[in-house]
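So the structure is just underneath, and the comments pick up after that.
Derivation of every value follows stated rules applied to the coordinates shown; laboratory data play no part. What you see is a predicted model, and the numbers here were worked out from it, not measured in a lab. Methodologically, a virtual Cβ is constructed for each residue, glycine included, from the backbone with ideal geometry; neighbour enumeration extends over all protein chains shown.
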Amino acid sequence: MAGRSSKRARTRNCCDAAASIAASTSDNSPIRRPRSSPSETTMVRSMTGYGSAAYEGEDFSLRAMVSSGNHRFLEIHVRLPEALGAWEPALRKKIQERFERGRIVFTMDFIPATPAWLAYEVNRPLVLAYVTALRQIRDEFGLSGEVDINALLQVRDLLRPRPLAEIPPVLAERLEAVTEDALRALAEMRATEGAHLRRDLLTRLTLIADHLNVIEQEAKRLPEVYRQRLTERLTEWARELPLDPTRVLQEVLYFVNRADISEEITRLRSHLAQCRDLLEREEAVGKRLDFLFQEMHREINTVLAKAGDVALAERALAIKAEIEKLREQVQNVE
């Protein structure tokens, strides 16, 4: 059924074009302007940002830093001191609840101020391997001396902080607060940057709509342009060759149908409407916008391929330039 409908639509287009051959068409109706930009309260979030928070106490201090960049998915990197290893699952969950896309790097520094928070353990496998190697060197080369504690203390990672089996309530409370503050600062920066991106995207969508309105008007006069061009050529050929009027009409219809861009204009308008709708949603829309911009790029390339008029081609090239900028900008939208 879809194929028959498309065929009937093309037939109607050809008939309309044939009717325009007899007389030129003109349409001086004003170009319809796109609707006003939506309120800036709409949340479009960038994927780049930075946030930090700190706590300074008598027993310990905490410093959190979090940054994010572009990524197709949500990629989380957590850097915690070994003593706070038990906090990582809760931290990852908090990040996943707040963000949907981006490469997020979270770093937390834990600085104890009293011996109560300081506990170290000996890396026994490392000590055994180090002492064994030194004794092998002594025996093999006939050296004198014994391994002493001063030499062992120079070995990196000989002593390491003992991970807390459970996070004490007082520390957990501060970790919760510092983490939330840092993530909130990151989210606010991403939202601020997203508002700028949204304004830029809407501005470019409006420019595209303006150019598309002009293209639609220019396209209405193309059948007459083709008729005039063909008539001029046929007038020259008729001096030497007989011409069949029916064949001439068929050729005109063929060129008009081949250059018809009404379907491409309709799809471009649909894509523009969908883009504006997505920019009003409080959710991650970057991937869907990227897809729509790819489709718009494909449609405008088709228009350029069919364009048989300089003015129309210039407008199509202007649209293509704006779409390319949109595709670049949307890579930073969550």
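Details
- Estimated at 0.36 nm per residue, the fully extended path between N301 and K287 surpasses their Cα-Cα distance by 2.9 nm.
- In this structure, D157 and S270 have a Cβ-Cβ separation that, at R0 = 51 Å, corresponds to a calculated FRET efficiency of about 0.25.
- The range 294-334 and the range 156-203 have Cα centres separated by 40 Å.
- Modelled FRET efficiency - R0 45 Å, E100 with Q136, Cβ distances, 0.05 increments: 0.25
- In the range 73-167, a dipole from Cβ-located charges (positive for Lys and Arg, negative for Asp and Glu) runs towards its positive end, and of G102, L159, T114 it is G102 whose Cα lies farthest in that direction.
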